[in-house]
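A.B. asks: Take this structure, written in structure tokens, and hold onto it; I'll ask about it next.
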Amino acid sequence: MGLIHAGMAQHGTAVFAHDQTKGKGQRDKQWLSAPGENIILSLIIKPFGLKLTEVFLLSMSVAIALQRFFNMYTTDETKIKWPNDTYWRDRKAGGILIENVVQGEDWKYAVIGMGLNINQVDFGDFKKAVSLKQITGKNYNTIEMAKELLGFLEQSFNELTRNIEGVINNYHEHLYKRNEKIQLKRNTENIEGILKGVSRDGMLIIEHQHKEEKFKVGEIEWIR
């Protein structure tokens with residue numbers, strides 16, 4: 001963000017952090033990462049013709065890249081948990097936060113922040129986390145892996161410019177708990193239903209009480 005505001009940003013600039021002291025996640029949650037053990041990467045891009053109303057398509061594209069990348073090193077069990085977390089089985093391996101720079105109606109830049117658990121094995125009280133080392137028992141070079149991840153992102157962005165429907169279908173193909181019964185909470189209301197998919201604008205589609213209902217990011221939380 002500093003590079004952008006200083007007028008020094010270039011499309012494709014990637015910033016790798018060895019240590020992150022003020023990591024952010026979705027909905028202002030904190031993202032914690034042990035120094036030197038994971039991929040903590042930010043990528044500056046110009047949104048290559050996408051409209052502001054299509055911001056979630058970019059999120060889908062990034063989530064697909066992370067899913068493919070992580071899945072390449074593991075068994076074929078890596079999923080995308082709505083809106084864009086990377087899950088292995090039922091545990092969180094990574095997350096994405098996209099922040100945008102907008103002037104009027106012109107979407108100037110997107111800063112894509114990505115965190116992937118690679119070599120960290122102690123996550124404190126967060127028992128739902130998992131790392132690549134915990135899955136495979138191996139240590140990895142996080143900088144070389146980050147460079148490799150950029151290749152996956154470039155491939156995914158190219159697909160987005162050519163075939164938006166293909167990206168949406170790919171996202172749904174790997175969507176965590178799709179067509180399964182899940183439990184959600186909205187304020188004090190518990191909602192149980194079948195996860196049917198995600199709309200183009202990023203709303204979760206749940207079938208319950210014989211009808212479909214859509215929920216915005218931040219409106220609900222997962223119970224199970």
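A.B. asks: Can you tell me the dipole magnitude for the chain around its Cα centre, using point charges on the Cβ only (Lys, Arg +1; Asp, Glu -1), in Debye to the nearest 20? Before the final figure, lay out each step's value.
C.D. replies: On the way: 30 positive and 28 negative charges, 67 e Å.
Rounded to the nearest 20 debye, it is 320 debye.
A.B. asks: Taking the alpha-carbon distance from Lys46 and a cut-off under 20 Å, which aspartates and glutamates remain once sequence neighbours fewer than 8 residues away in the same chain are dropped?
C.D. replies: Partners within reach: Glu54, Glu99, Glu105, Asp106, Glu154, Glu159, Asp201.
A.B. asks: Let me have the relative contact order for the chain, percent, based on Cα pairs under 8 Å that are six or more residues apart. Intermediate results must be reported in sequence, preceding the final value.
C.D. replies: On the way: 402 pairs, mean separation 42.0, N = 224.
So the answer I get is 19 percent.
A.B. asks: Express as a percent, rounded to the nearest 5, the fraction of DSSP beta bridges in the chain (both residues included) that run antiparallel.
C.D. replies: Values: 45 of 47 bridges.
Percent antiparallel among DSSP bridges in the chain is about 95.
A.B. asks: Once label points are set 7 Å from the Cα along Cα→Cβ at both Asp76 and Glu221, what is their separation, rounded to one decimal in nm?
C.D. replies: Taking the simple label geometry, Asp76 and Glu221 are separated by 3.6 nm.
A.B. asks: Next question, about the same structure. Rank the residues Phe69, Phe126 as a footprinting-exposure proxy: fewest other Cβ atoms within 10 Å of their Cβ go first. Mind dumping the intermediate values first?
C.D. replies: Details: Phe69 25, Phe126 10.
If I rank by nearby Cβ atoms, fewest first, I get Phe126, Phe69.
A.B. asks: Scan the chain and note any complete DSSP helix (H) whose C-alpha atoms cover at least 18 Å along its axis and whose Kyte-Doolittle average is 0.5 or more. Write out the running numbers ahead of the final one.
C.D. replies: On the way: long enough: 55-72 (26 Å, 1.50); 142-162 (30 Å, -0.14).
What comes out of the filter, once short or polar helices are dropped, is 55-72.
A.B. asks: For the residues Trp107, Trp82, Trp222, what sequence is obtained by ranking on other C-beta atoms within 10 Å, fewest first?
C.D. replies: Details: Trp107 20, Trp82 23, Trp222 13.
The order, fewest Cβ neighbours first, is Trp222, Trp107, Trp82.
A.B. asks: Holding the Cα-Cα limit at 24 Å, pick out from Lys79/Lys127; Lys92/Lys211; Lys79/Lys108; Lys181/Lys211; Lys22/Lys92; Lys22/Lys128 the pairs that are longer than that.
C.D. replies: On the way: Lys79/Lys127 18 Å; Lys92/Lys211 30 Å; Lys79/Lys108 30 Å; Lys181/Lys211 14 Å; Lys22/Lys92 19 Å; Lys22/Lys128 21 Å.
Over 24 Å Cα-Cα: Lys92/Lys211; Lys79/Lys108.
A.B. asks: Of Asn170, Asn117, Asn187, which has the largest mean-square fluctuation in a 10 Å C-alpha GNM of the chain?
C.D. replies: Asn187
A.B. asks: Using +1 on the beta carbon of Lys and Arg, -1 on that of Asp and Glu, and nothing else charged, what's the dipole of the range 36-113 about the Cα centre, debye to 20? Provide the component values of the computation, followed by the final result.
C.D. replies: Values: 9 positive and 9 negative charges, 20 e Å.
I would put it at about 100 debye.
A.B. asks: Another one. Please rank Leu195, Leu204, fewest neighbouring Cβ atoms within 10 Å first, as an exposure proxy.
C.D. replies: Details: Leu195 19, Leu204 22.
Neighbour counts put them in this order, fewest first: Leu195, Leu204.
A.B. asks: Farthest toward the dipole's positive end in the range 71-224, which of Tyr87, Ile223, Ile168, given Cβ charges of +1 (Lys, Arg) and -1 (Asp, Glu) about the Cα centre?
C.D. replies: Of Tyr87, Ile223, Ile168, it is Ile223.
A.B. asks: Loop only by DSSP, 12 or fewer other Cβ within 10 Å of the Cβ. Give me the GluC sites (Glu not before Pro) in the range 181-224 that pass, ordered by residue number.
C.D. replies: On the way: sites: Glu189, Glu192, Glu207, Glu212, Glu213, Glu219, Glu221; in loops: Glu219.
The qualifying sites are Glu219.
A.B. asks: In addition: Thr13 to Gln183: extension gain in nm, 0.36 nm per residue of separation minus the Cα-Cα distance?
C.D. replies: Working: separation 170, 0.36 × 170 = 61.20 nm, distance 3.97 nm.
Extra length from Thr13 to Gln183 when fully extended: 57.2 nm.
A.B. asks: May I pose another question? For a quick check of your reading of the filter: which trypsin sites (Lys or Arg not before Pro) in the range 64-138 sit in a DSSP loop and have no more than 11 other Cβ atoms within 10 Å?
C.D. replies: Values: sites: Arg68, Lys79, Lys81, Arg89, Arg91, Lys92, Lys108, Lys127, Lys128, Lys133, Lys138; in loops: Arg89, Lys127, Lys128, Lys138.
Loop-located and lightly packed - Lys127, Lys128, Lys138.
A.B. asks: Which one is right for this structure if log10 I(q)/I(0) by the Debye sum over Cα atoms at q = 0.10, 0.17 Å⁻¹ is calculated from it: (i) -0.40, -1.26; (ii) -0.45, -1.33; (iii) -0.50, -1.15?
C.D. replies: So the structure-derived entry is (ii).
Bear in mind that the values in this text are calculations on the coordinates, not laboratory data. Only a predicted model underlies this, so the values are computations on that prediction, with no experimental measurement involved. With ideal geometry, Cβ positions are generated from the backbone for all residues, glycine too; neighbour counts draw on all protein chains shown.
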